[in-house]
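As structure tokens, the structure follows; a few thoughts come after it.
The values are calculated or read from the model by the stated rules, or taken from the named source; none is laboratory data. The shown structure was predicted, so the numbers you read here are calculated from the model rather than taken from an experiment. In this analysis, Cβ positions are derived from the backbone assuming ideal geometry, glycine residues included, and neighbour counts consider all displayed protein chains. Keep in mind that these areas ignore ligands, DNA and RNA; they rest on the heavy atoms of the full protein, side chains included. Shrake-Rupley method; radii C 1.70, N 1.55, O 1.52, S 1.80 Å.
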Amino acid sequence: MQSRTIQTDGLKQQILEAGSGPLVLLIHGFPELGISWRAQVQALADAGFHAVAPDMRGYGGTDKPEARDAYSILHLVGDLVDLVQALGETSCVVVGHDWGAPVAWHCALTRPDLFRAVFGLSVPFQPRRPKGPPTAAMAAISRRLGKGDLYISRFQADDAHEVFDADPATALRKAFYCYDGATPDGRQSTGFIPEGESFISTVPDDATLPPWMSPAHFAEYVDAFAAGGFKGPLDWYRNLDRNWSMTAHLQDARITVPAAFVVGERDPVRNYSGQHEAGLKEQAPDLRMQVVIPGAGHWIQQERAEEVNRLLLEFLAGLRGGDLAA
């Protein structure tokens, strides 16, 4: 397993990689890095694949454009198209977790010739709403439920990243804690933030690192976000309405490549994306696997590495008959 920097079309990307064989890209979410896939990179390499986990645009050792508009879904998908080409490949399987899952779904949706199969973790594919931009829908949900604002709505503010930048270690510790499967009931995040609170202030101050997170591993995250900041990562959220306006051509499009979805039973994301999980087969007709892992939370590829590895390798084994380029 090695880390290196690779120059793609207009972006310098840091990648973690191992192995040789068919290419599998592993796409992280917020607030993560390519290192969140270490267990999968090793397992894939051992099974005869070339596993590559990049730090995504705005994160870690990859370039961090200053302009907010540089973080649209089209930029994020384009970065992976460029990465596949820079690696000398013509096709791959794409795996995504958290924010990386929507990126992976859209890779498969828009370039099925290049992304031959997709494996989503934690966040199901969410089709484009024809009735208006997503932040308006989120605001309506918040008003109806009366629990405060969905955290994604709060992330739209120009200064939303500043509370994270002020104390990256506390922000990361609380974020990992409140979405983890081992966190007791009542202390996990609901995803909603009452008036006068922030994403960080709603998490108990005595929040601890999850059982799977070693101090040394946590220090890698803290160092990376202390150096790179949270502005770029939150700009992904600030492009949601822009993404909606740029993807009218994808209205009613379906994911046609082989697909899989795995989620933790106790993942708080299910509080506000459950309906999309239930309708996933309609959106991805070639859905070959849909698994709920009992007791698991959001950071599933790290919380339950062995189970995720087993499911991912099972899915890939089913592709070798012709769906997956050798």
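List of remarks:
- With a Cα cut-off of under 21 Å and a minimum spacing of 8 residues unless on different chains, the lysine pairs in the chain number 5.
- GNM flexibility winner over the chain from Asn271, Asn309, Asn239 (Cα, springs under 10 Å): Asn271
- Sum of -39500 (n - 2.57) over DSSP H runs of 4+, divided by residues of the chain (222 nm, nearest 500): -10500 deg cm²/dmol
- Among the GluC sites (Glu not before Pro) within the stretch 182-265, those in coil by DSSP and having at most 11 neighbouring Cβ atoms inside 10 Å are Glu195.
- Accessible area of the chain belonging to carbon and sulfur atoms, whole % at 1.4 Å probe: 50 percent
- Here the dipole of the stretch 179-326 is about 460 debye; that uses its Cα centre as origin and unit charges on the Cβ of Lys and Arg (positive) and Asp and Glu (negative).
- The chain: antiparallel DSSP beta bridges as a percent of all, rounded to 5: 35 percent
- For the stretch 80-90, putting each phi into the Karplus relation 6.51 cos²θ - 1.76 cosθ + 1.60 with θ = phi - 60° gives couplings of 6, 4, 5, 5, 4, 5, 5, 7, x, 10, 10 Hz, in residue order, rounded to whole numbers and with x for Gly and Pro.
- If only the Cβ of Lys and Arg carry +1 and only the Cβ of Asp and Glu carry -1, the dipole of the stretch 143-223 around its Cα centre is close to 460 debye.
- About its Cα centre, the chain has a charge dipole of approximately 800 debye under the convention of +1 per Lys or Arg Cβ and -1 per Asp or Glu Cβ, with nothing else charged.
- Only protein heavy atoms count here; on that basis, with a 1.4 Å probe, Val77 has an accessible area of about 10 Å².
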